[in-house]
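Right, one structure below, let's go through it.
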Amino acid sequence: MRLGCLSSLSRPGVESLNHANRALAPPQTRRILYLHMAGVMLQGAAVALSIILPFLARKHFQANNWQTWVLTAAVPIMQFFTIFWNHLYARVSTRAYLSLVVALACIPMALMALAQDIHLLLICYVLAAFAGAGGGAALSPLNADLLRTCYAAGVRGRIFGIIVASQFFGVMIAGQAMGSWSNLDAEAFRIFLPITAALLAAGLLMFGLISRTPTFHQRARPQIEPGEPWWAPLRDMGKILRMDRRFAGYEVAFMSYGVGWMICTALIPALAKDKLDLDYSQFARSTIVAFQLTIILMLIPMGRLADRVGPIRLAAGSFLWLAIYPIGLLIVPSSFWLGFVTILYAMGMVGVHLTWTLGPVTFAPDPSRAPHYLAIHGTLVGIRGILAQGVGVALYAITGSFIPPMILAAAGFTWASWRMRRLSRQLD
């Protein structure tokens, strides 16, 4: 989530931003938005790393299937702990919280530069992912708090579109730089890993500056009950899902979508290396750059659509479109066609990226509960990550073919769309 200035936005994006600035009452909103965009753009380098690292490990360290799986699954599985991060977030100052995240995410990421074999890489990246280095986890409660506190409901979709476009601009630039640099120097990761850690820390510093503004500092915070047991967050999560059946239905659909997404994500490094034999630059261009550029071009108009039709209908259509992706991966013969299929994939993922955050934030009954709802969503991502990504890799390892896991992925996307459409009809 990146980009510190508006010069890179299209004219419609500038108009959306100007409309948002007029619609939002607090005078510091513009400063908050600029800091927010800069912060997520800088964090984009860490997101790019989460995409290219499994491929790098397979080519440079000869990572096997399960080791590649650990690197691709680390970010989604570590989101299981989001509900516990939210428990901490509600109890400490934002400054203390960000300091802890920097220590746990950035230091291990920098230490990966010292790796002589795959094992140090695995240990350090899992720890960094636990702290949200690749997105989600510890960052989810803060992201929800910023979005629900600082931006009015009527423009939240388009504002979030601008913010996510900024993030993906950072992902695109960093991803292509990592890929091209690695082609020139196989040891380039020993330099760009510490740089990525520093950029992530700088992005979190931007969030720290937002936390000092009156709009954020004076926000309502949830009431804390002292002396709760460590399992209280899981208990509370179950209670909310039982009481808020609409939100529970939303999560069921996203769980099914996650089966498809995680299978495809886990197998992309293997497909690119084993089937297509791509180099680093080809991999970055066909996956990271093609994906991020498509997202950037579509986010702002899709943000408008999210404001108009709501996150549930947008998610339903997006899930159905994504069923194209695993089928396309089965037939791609080259890096060019992988890039083409990635563009189709990105067209569906635009709506998912918006509704992933906007849905839980919208379902929250009041702003103070938004971090909790997004934390529940993130935790369920971790649960489906544990279940789904391992299945995809196991099917490939057992059969030696991409066909069985990709068919399962397509079925997951299709089922998710049906579930979300059913929920939409119930709410009409």
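See the values below:
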quantity	calculated
Whichever residue in region 63-79 is surrounded by fewer than 21 Cβ atoms within 10 Å (Cβ to Cβ) and outside any loop (DSSP other than H, G, I, E, B) and, among such residues, is modelled with the lowest pLDDT	Asn65
Residues located in region 262-278, provided they are farther than 18 Å from Met172 by Cβ and either polar (S, T, N, Q) or part of a loop (DSSP other than H, G, I, E, B) (or both)	Leu276, Asp277
Which numbered condition Ala232 misses (of (1) within 30 Å of Asn183 (Cα to Cα); (2) among the small types (Gly, Ala, Ser); (3) touching a residue at least 24 places away in the same chain (Cβ under 8 Å))	(1)
Matching helices (runs of 4 or more DSSP H) fully within region 137-240 where at least 1 residues are in contact with a Lys or Arg (Cβ under 7 Å, 6 or more places away or on another chain) and within 27 Å of Leu293 (Cβ to Cβ)	139-150, 156-184
Any chance Leu299 is crowded, with 23+ Cβ neighbours inside 10 Å and in a helix (DSSP H, G or I)	yes
Check on Pro326, assigned to a helix (DSSP H, G or I) and touching a Cys at 6+ places or on another chain (Cβ under 6 Å)	yes
Residue within region 214-234 that is loosely packed, with under 15 Cβ neighbours inside 10 Å and in contact with a Leu (Cβ under 9 Å, 6 or more places away or on another chain) present	no
Filtered residue count, region 205-239, keeping only those that are at pLDDT below 85 and aliphatic (A, V, I, L, M)	4
Condition broken by Gly328, with the remaining ones in (1) farther than 21 Å from Met420 by Cα; (2) modelled with pLDDT under 90 satisfied	(2)
Test: residue in region 263-273 that is in contact (Cβ under 8 Å) with a residue 40 or more places away in the chain, more than 21 Å from the chain's Cα centre (by Cα) and surrounded by fewer than 16 Cβ atoms within 10 Å (Cβ to Cβ)	no
Residue pairs meeting the criteria (Cβ under 8 Å; at least 6 apart or on separate chains; first free of Cβ contacts under 8 Å to residues at least 40 places away in the same chain, in region 116-139; second outside any helix (DSSP H, G or I) and surrounded by fewer than 24 Cβ atoms within 10 Å (Cβ to Cβ))	Cys124/Ala115
Verdict on Val309 being farther than 23 Å from Ile407 by Cα, among the β-branched types (Val, Ile, Thr) and over 21 Å from the mean Cα position of the chain (by Cα)	yes
Selection from region 312-348 of residues that are more than 20 Å from the chain's Cα centre (by Cα) and among the hydroxyl-bearing types (Ser, Thr, Tyr)	Ser334, Ser335
Test: residue in region 109-118 that is among the β-branched types (Val, Ile, Thr) and under 17 Å from Ala131 (Cβ atoms)	no
Residues within region 110-124 that are touching a Leu at 6+ places or on another chain (Cβ under 6 Å) and either crowded, with 21+ Cβ neighbours inside 10 Å or not in a helix (DSSP H, G or I) (or both), tallied	3
Cross-chain or 6+ apart pairs with Cβ under 7 Å, region 361-376 first and within 26 Å of Ile77 (Cβ to Cβ) and touching a residue at least 40 places away in the same chain (Cβ under 8 Å), then among the acidic types (Asp, Glu) and not in a helix (DSSP H, G or I)	Phe363/Asp244
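For (1) under 26 Å from Pro404 (Cα atoms); (2) in contact with a Ser or Thr (Cβ under 7 Å, 6 or more places away or on another chain); (3) of a type in the set (Ser, Thr, Tyr); (4) surrounded by 20 or more Cβ atoms within 10 Å (Cβ to Cβ), each residue gets a yes or a no:
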| residue | (1), (2), (3), (4) |
| --- | --- |
| Leu314 | no, yes, no, yes |
| Leu322 | yes, no, no, yes |
| Ile327 | yes, no, no, no |
| Pro333 | yes, no, no, no |
| Leu338 | yes, yes, no, yes |
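The values are calculated or read from the model by the stated rules, or taken from the named source; none is laboratory data. Bear in mind the structure is a predicted one, so any value in this text is a computation, not a measurement. For neighbour counting, all protein chains shown are included, and Cβ atoms are generated from backbone atoms with ideal geometry for every residue, glycine included.
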